[in-house]
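Structure record follows, encoded as structure tokens.
The values are calculated or read from the model by the stated rules, or taken from the named source; none is laboratory data. Treat the numbers as computed from the prediction; the structure is a model and nothing was measured. Quick reminder, even Gly has a Cβ in these numbers, built from the backbone with ideal geometry, and neighbours come from all protein chains shown. Side chains included, ligands, DNA and RNA excluded: accessible areas come from the protein's heavy atoms. Shrake-Rupley method; radii C 1.70, N 1.55, O 1.52, S 1.80 Å.
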Amino acid sequence: MAGTTLEQAYPGIPFRWRSRNWWARLTRVPPECVHLEHEFSWMATYVPDTLYLQGKASVQRRPARPEVSLCRACLLSELESELARYGGRVLAFEPDGGAFSQYFFVGTPDFSAAGLRPEVAEAIERRLQQSLGTCQGCNHPARWLWIPRVQVESLDQVGDIVTAKGQALCPAHGAQQLCEAFAAVSEANLLYVNVPYGEAGAYLWI
Ligand SMILES: [Zn+2]
Ligand SMILES: [Zn+2]
């Protein structure tokens with residue numbers, strides 16, 4: 001099946017006409033939201049349904065929505081509703097706002113294909129299997145474990161991944177937490193952001 005159109009995939013987002021013309025298609029420039037005409041300090045390449053594993057694309061949801069460039073406000077509105085709807089388990093590492101260029105979700109079965117070291121994959125899987133109780137922000141069952149950077153700075157800290165307290169959050173509050181972290185970053189050019197798929201996995205940054 002072919003991909004969806006822009007209007008079907010992102011009904012709430014206005015795209016720049018110039019980014020949709022034949023020249024843009026020919027040069028494979030992804031469509032941009034209209035706000036990027038004036039907003040240069042924050043943008044993200046949003047490819048919600050595609051997972052890139054060591055350079056190879058694998059589509060996780062069909063029809064896959066097209067790749068687009070979004071300003072922060074458009075990205076966060078897309079992400080917040082997508083993430084709040086995802087019912088699976090998420091271990092999300094808070095990114096280093098000054099250093100990250102990608103923020104992407106990898107499902108548990110894809111950990112090794114994504115290049116995670118076996119001991120890191122094992123540590124994350126263990127955390128994903130633990131019960132989380134209720135959300136810190138409300139009384140709904142928690143599905144997310146948000147790991148602040150003060151608890152785990154990098155994936156090399158396997159011991160910290162195992163012991164980090166983290167914040168247990170429901171999907172809505174997990175989504176809100178991630179969006180707040182992005183909102184706190186004053187400048188960014190994210191080359192890749194996707195959304196969760198499957199039953200469980202981790203949000204990682206590089
Ligand atoms: Zn926008
Ligand atoms: Zn909650």
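Summarising the strand pairing of region 1-71, around 90 percent of its internal DSSP beta bridges are antiparallel. Across q = 0.17, 0.18 Å⁻¹, the chain modelled as identical point scatterers on its alpha-carbon atoms has Debye log10 I(q)/I(0) values of -1.20, -1.33, in the order of the q list. When the Cα positions of Leu26, Val162, His140 are compared along the charge dipole of the chain, Leu26 comes out farthest toward the positive end, with charges on each C-beta of Lys, Arg, Asp and Glu. Helix-only arithmetic for the chain: the sum of -39500 (n - 2.57) across DSSP H runs with n ≥ 4, divided by the residue total, places the mean residue ellipticity at 222 nm at -7500 deg cm²/dmol. Comparing Ala99, Ala114, Ala172 in a Gaussian network model of the chain where C-alpha atoms under 10 Å apart are linked, the largest mean-square fluctuation is found at Ala99.
Of Phe40, Phe105, the order by accessible heavy-atom surface (1.4 Å probe, DNA, RNA and ligands excluded), from most exposed downward, is Phe40, Phe105.
Amide H contacts under 5 Å for Gln60: Thr50, Leu51, restricted to partners 5 or more places along the chain or on a different chain, H placed in the peptide plane at 1.01 Å from N. Taking the DSSP beta bridges with both ends in the chain, the antiparallel portion is around 55 percent. log₁₀ I(q)/I(0) of region 63-164 at q = 0.15 Å⁻¹, via Debye over equal Cα point scatterers, no solvent, to two decimals? Log-scaled intensity ratios, in q order: -0.76. In this simple spin-label approximation, Glu37 and Gln8 carry label points 7 Å from Cα along the Cα→Cβ vector, and these lie 2.7 nm apart.
Let me check I've understood the local charge: for Arg65, count other residues with C-beta under 13 angstrom from its C-beta, Lys and Arg +1, Asp and Glu -1. What total comes out? In short, -3. Computed with a 1.4 Å probe over protein heavy atoms only, the accessible area of Ile13 comes to about 20 Å².
Rounded to whole numbers, the Karplus 3J(HN,Hα) couplings from phi for region 155-166 are 5, 6, 8, 4, x, 5, 4, 5, 9, 3, 5, x Hz, using 6.51 cos²θ - 1.76 cosθ + 1.60 with θ = phi - 60°, and x at Gly and Pro. Based on C-alpha pairs under 8 angstrom that are at least 6 apart in sequence, the chain has a relative contact order of 30 percent. For Leu190, the residues 5 or more places off, or on other chains, whose built amide H falls under 5 Å of its own are Met43, Ala44, Thr45. Placing pseudo-labels 7 Å out from each Cα toward the beta carbon at Ser112 and Val59 gives an inter-label distance of 2.7 nm. Applying the Karplus relation 6.51 cos²θ - 1.76 cosθ + 1.60 with θ = phi - 60° to region 109-116 yields 3J(HN,Hα) values of x, 9, 4, 6, 5, 7, x, 5 Hz, where x marks Gly and Pro. One chain, two ends: Arg126 and Gln157. Fully extended at 0.36 nm per residue, the span grows by 9.7 nm beyond their Cα-Cα distance. The distance between label points at Asn21 and Glu199 comes to 5.0 nm (points 7 Å beyond Cα on the Cα→Cβ vector). Whenever you get a sec, compute what percent of the accessible area on the chain sits on carbon and sulfur atoms (1.4 Å probe). Here it works out to 52 percent.
Of the residues Pro196, Pro66, Pro171, the one that moves most in a GNM of the chain with alpha-carbon contacts below 10 Å is Pro66. Once the chain from Thr134 to Ala99 is taken as fully extended at 0.36 nm per residue, the excess over their C-alpha distance is 9.4 nm.
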